[in-house]
Amino acid sequence: MADKKRYEELINILDQYSYDYYVIDNPTVEDAEYDQKMQELLKIEEAHPEWVTPESPSKRVGGEVLEGFTKVAHDTPMLSLANAFNRDDLADFDRRIRDKVGDDIAYMCELKIDGLAVSLQYENGKYKQGATRGDGTVGEDITANLRTIRSIPMKLQKDFSIEVRGEAFMPKRSFQKLNEIREEEGQMLFANPRNAAAGSLRQLDTKIAASRNLDIFLYAVADFGEMGVTTHSEGLDMLETLGLKVNKERRLCNNLEEVYAYIDEWTEKRAELAYDIDGIVLKLNDLEQQRQMGTTVKSPRWSIAYKFPAEEVPTKL
Ligand code: IVH
């Protein structure tokens, strides 16, 4: 008998399976078990279409065909980052910060994921809207395509109304497989995973986006202050607690020497990662110090992107 309780239970079970597999990379169930639960859910949904909400795990597979993408204005602009290309640039950045806020500082170092910036709106803990960065002020509504990214939770662990930001990307392996298939089919190949990810999220047929195995890392909140945290690192931990996917390779560094060591380590190890990175992002950790530094029209003065030198060896298909 299909009852509402069982339906809600199934949603929770399926959401948990997805979280284990896609967010924390710790699969807890066999495919057959997952499929069986999904079939049970679909059957109930067929009998009770009035129970189905956009957050249902059944909505992950796409199916909607859009006519176009509507524009979305970002209440808090999506800024970009100033670039550093060498240690001198980083030392200048560090100097500007110390001159303004003093020497009691720390930097959160993060991998610079080579994908595309997106923003996710949650209302009372539920996924409501997803958008591209666009020109930073106005982006495009890609809610339906982002819903197909399994690592994006449809419900947060708390009923927060927040706007989180991060990078959607295509893992290297998915990119290689996609291009292999496209080559067999005589279709145009994507130049790199970033273009493939961007092309996938701009599909009007959401089933295509769903088939592309995209992923995401969240790295910011439009306004971290709203979450009652005082540092960026606490903010990222909070995002994890909410069930969002945050990159594990972040590291708090107390000075430039530690930053350089982090950069050297990842310059060396980047090829081992399952996804492309094009640099390292430094963020002044204390939110009050960030506020003191302020932003220019284009980018925050409390953060900088160190860009790796362009890769010499092209990725083998
Ligand atoms: S923070 C206000 N952190 O790099 C700061 N950006 O060149 C907003 N990116 O537009 C960005 N990984 O698309 C930040 N760990 C990371 C990132 C990251 C990749 C991208 C993002 C941004 C661009 C800036």
Check: Does at least one position in region 199-220 carry a residue that is within 21 Å of ILE105 (Cα to Cα), more than 11 Å from the ligand (Cβ to nearest atom), surrounded by fewer than 22 Cβ atoms within 10 Å (Cβ to Cβ) and not aliphatic (A, V, I, L, M)?
Finding: no
Margin query: If a residue must be within 16 Å of the ligand (Cβ to nearest atom) and out of contact with any Lys or Arg (no Cβ under 6 Å at 6 or more places or on another chain), how many such residues does region 116-129 contain?
Written below: 3
Notebook entry, point to check: Would it be correct to say that ASP99 is away from the ligand (no atom under 16 Å from the Cβ) and either more than 17 Å from ALA198 (Cα to Cα) or in contact with a Phe, Trp or Tyr (Cβ under 8 Å, 6 or more places away or on another chain) (or both)?
Noted result: yes
Checklist line | Within region 239-265, considering residues that are within 13 Å of the ligand (Cβ to nearest atom) and of a type in the set (A, V, I, L, M, F, W, C), the one farthest from PHE93 (Cα to Cα) | finding: LEU239
Margin query: Can you pull out every residue in region 20-35 that is surrounded by 12 or more Cβ atoms within 10 Å (Cβ to Cβ) and over 21 Å from LEU239 (Cα atoms)?
Written below: THR28, VAL29, GLU33, TYR34
Next item on the list: Filter region 141-176 down to residues that are among the acidic types (Asp, Glu) and more than 15 Å from the ligand (Cβ to nearest atom) and give me whichever is nearest to LEU66 (Cα to Cα).
Entry: ASP141
Notebook entry, point to check: What pairs come up if the first residue lies in region 267-288 and is over 30 Å from ARG96 (Cα atoms) and among the basic types (Lys, Arg), the second is modelled with pLDDT of 95 or more and near the ligand (Cβ under 10 Å from one of its atoms), and their beta carbons are under 7 Å apart, counting only those six or more places apart or on different chains?
Noted result: none
Note to self: For GLU226, only one of the following conditions fails: (1) surrounded by fewer than 20 Cβ atoms within 10 Å (Cβ to Cβ); (2) touching a strand residue (DSSP E or B) at 6+ places or on another chain (Cβ under 9 Å); (3) modelled with pLDDT of 95 or more; (4) not aliphatic (A, V, I, L, M). What is its number?
What the structure shows: (3)
Check: Which residue pairs have Cβ atoms under 6 Å apart, sit 6 or more places apart or on different chains, and have a first residue in region 301-312 that is over 13 Å from THR267 (Cβ atoms) and a second that is more than 9 Å from the ligand (Cβ to nearest atom) and at pLDDT 95 or above?
Finding: ARG301/MET293; ARG301/GLY294; TRP302/LEU284; TRP302/GLN290; TRP302/MET293; ILE304/ALA84; ILE304/PHE93; ILE304/LEU282
Check: Just checking, which of GLY68, GLY139, GLY62, GLY130 is small (Gly, Ala, Ser) and free of Cβ contacts under 8 Å to residues at least 40 places away in the same chain?
Finding: GLY130
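The values are calculated or read from the model by the stated rules, or taken from the named source; none is laboratory data. Since this is a predicted model, take the numbers as computed values, not measurements. Cβ atoms come from the backbone with ideal geometry, glycine included; neighbour counts cover every protein chain shown.
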